[in-house]
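What follows is a set of notes on a single structure, which appears directly below.
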Amino acid sequence: MAIKFNQQETEEIIYSLRKYFSSELDQELSELRARLLLDYFIKEIAPLAYNQGVTDAGEYFRARLEDLPATVFEPGLTYWKKARK
């Protein structure tokens, strides 16, 4: 599944990249170079993070599914037991 950002997110990322290069690396990064760098990150690195997120989500839901009976169990035929107390 391709990773895509909307226009506002793209502009914010480009701003952040340019700011990072300026403040941390003392280099000016043009908007075009920032866009090219972002495209590279999206194609090369982002899928690794995305896949890890899918794996983490799968593990989270599998763990919750295993605990489902204990989490949502509601005993039946308890009316008379509660009424006597």
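The values are calculated or read from the model by the stated rules, or taken from the named source; none is laboratory data. Quick caveat, the model's predicted, so the values are computed rather than measured. For neighbour counting, all protein chains shown are included, and Cβ atoms are generated from backbone atoms with ideal geometry for every residue, glycine included. Side chains included, ligands, DNA and RNA excluded: accessible areas come from the protein's heavy atoms. Shrake-Rupley method; radii C 1.70, N 1.55, O 1.52, S 1.80 Å.
Of note:
- One residue from Leu68, Leu38 being at pLDDT below 95 and open to solvent by less than 100 Å² (accessible area, probe 1.4 Å): Leu68
- Every residue from segment 59-73 that is in a helix (DSSP H, G or I) and of a type in the set (Phe, Trp, Tyr): Tyr60, Phe61
Conditions tested, residue by residue: (1) hydrophobic (A, V, I, L, M, F, W, C); (2) within 23 Å of Ala2 (Cα to Cα); (3) in contact with a strand residue (DSSP E or B) (Cβ under 8 Å, 6 or more places away or on another chain).
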site	(1), (2), (3)
Ser23	no, no, no
Leu48	yes, yes, no
Glu59	no, yes, no
Leu65	yes, no, no
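- Any hit, segment 74-83, residues being assigned to a helix (DSSP H, G or I), aliphatic (A, V, I, L, M) and at pLDDT 95 or above: no
- When the test is whether a residue is of a type outside the set (Ser, Thr, Tyr), open to solvent by 90 Å² or more (accessible area, probe 1.4 Å), modelled with pLDDT of 95 or more and within 25 Å of the chain's Cα centre (by Cα), Leu48 passes it.
- Once segment 1-31 is narrowed to residues that are modelled with pLDDT of 95 or more and of a type in the set (Lys, Arg), the residue that is most open to solvent (accessible area, probe 1.4 Å) is Lys19.
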